[in-house]
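The values are calculated or read from the model by the stated rules, or taken from the named source; none is laboratory data. Just so we're clear, the structure is a prediction, and the values are computed from it rather than from any experiment. No Cβ is skipped: glycine too gets one built from the backbone with ideal geometry, and neighbour counts run over all protein chains shown.
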Amino acid sequence: MAFIVTRLCRDCVDTNCVTVCPVDCFYLPKVTSEEHPNQLFISPDECINYDACVAACPWEAIFDESDVPDVFTDDIALNARCDSARDAFDTAKHQDKATPDDEAVAKNKKKWGLE
């Protein structure tokens with residue numbers, strides 16, 4: 001099973017997880033849309049289940065596929081799009097961003113229905 005980036009990453013797009021991934025399996029859409037929102041995606045075909053990305057994500061947006069909260073189950077298929085529509089994605093590169101505080105993380109979880 002692969003790790004899944006959930007919508008908790010949407011519009012936050014912190015790339016600390018990218019720096020710890022040994023196989024470069026993180027992708028960003030070339031053009032954001034409803035089908036390919038502004039968030040990171042993990043290729044289920046390339047992910048080797050190296051869990052360092054989970055701890056590296058300050059938004060707590062990454063879960064093992066078997067542990068994805070029910071509210072985010074649609075995000076499993078969403079991540080698979082970076083494999084089925086590869087031409088629509090670029091390999092994600094690290095970008096420096098300010099780390100969110102606990103209040104921002106909690107607010108983002110509430111926004112997406114995870115409390």
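If we keep just the residues of the stretch 13-30 that are assigned to a helix (DSSP H, G or I) and in contact with a strand residue (DSSP E or B) (Cβ under 8 Å, 6 or more places away or on another chain), which is surrounded by the fewest Cβ atoms within 10 Å (Cβ to Cβ)? Here the answer is VAL18.
The numbered conditions (1) touching a residue at least 12 places away in the same chain (Cβ under 8 Å); (2) within 19 Å of GLU115 (Cα to Cα) are all true for ALA2 except (2). Of all the criteria given as (1) within 16 Å of CYS17 (Cβ to Cβ); (2) in contact with a Phe, Trp or Tyr (Cβ under 9 Å, 6 or more places away or on another chain), the one not satisfied by GLY113 is (1).
Quick one: which of ALA85, ALA52, ALA56, ALA61 is hydrophobic (A, V, I, L, M, F, W, C) and farther than 28 Å from ASP101 by Cα? Quick ask: steps written out before the conclusion?
Values: ALA52 fails: farther than 28 Å from ASP101 by Cα; ALA56 fails: farther than 28 Å from ASP101 by Cα; ALA61 fails: farther than 28 Å from ASP101 by Cα.
Exactly one residue qualifies, and that residue is ALA85.
Scanning the stretch 100-109 for residues that are within 25 Å of GLU34 (Cβ to Cβ) and free of Cβ contacts under 8 Å to residues at least 40 places away in the same chain, we see that the one that is surrounded by the fewest Cβ atoms within 10 Å (Cβ to Cβ) is LYS107.
Selection of the stretch 54-69 for residues being touching a helix residue (DSSP H, G or I) at 6+ places or on another chain (Cβ under 8 Å) and in contact (Cβ under 8 Å) with a residue 60 or more places away in the chain yields PHE63, ASP64, GLU65, VAL68. Please enumerate the residues belonging to the stretch 75-97 that are more than 13 Å from the chain's Cα centre (by Cα), part of a helix (DSSP H, G or I) and either at pLDDT below 95 or surrounded by 11 or more Cβ atoms within 10 Å (Cβ to Cβ) (or both). Residues satisfying the conditions are ASP83, ARG86, ALA88. Of all residue pairs spaced 6 or more apart or on separate chains, those with beta-carbon atoms under 6 Å, a first member in the stretch 70-99 that is under 14 Å from PHE26 (Cβ atoms) and a second member that is among the charged types (D, E, K, R) and part of a loop (DSSP other than H, G, I, E, B) are ASP83/ASP45; ASP90/LYS30; THR91/ASP24.
Anything in the stretch 38-49 that is closer than 25 Å to ALA98 by Cα and surrounded by fewer than 16 Cβ atoms within 10 Å (Cβ to Cβ)? List them, or say none. Please lay out each step first, then the result.
Pass one, the stretch 38-49, residues closer than 25 Å to ALA98 by Cα: 38-42.
The answer is ASN38, and nothing else.
Can you confirm whether PRO100 is over 14 Å from the mean Cα position of the chain (by Cα), over 16 Å from CYS9 (Cβ atoms) and part of a loop (DSSP other than H, G, I, E, B)? For PRO100, the condition - over 14 Å from the mean Cα position of the chain (by Cα), over 16 Å from CYS9 (Cβ atoms) and part of a loop (DSSP other than H, G, I, E, B) - is not met.
Residue-wise test of (1) at pLDDT below 95; (2) touching an Asp or Glu at 6+ places or on another chain (Cβ under 8 Å); (3) crowded, with 17+ Cβ neighbours inside 10 Å.
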residue	(1), (2), (3)
ALA2	yes, yes, yes
ASP11	no, no, no
THR32	no, no, no
PRO58	no, yes, yes
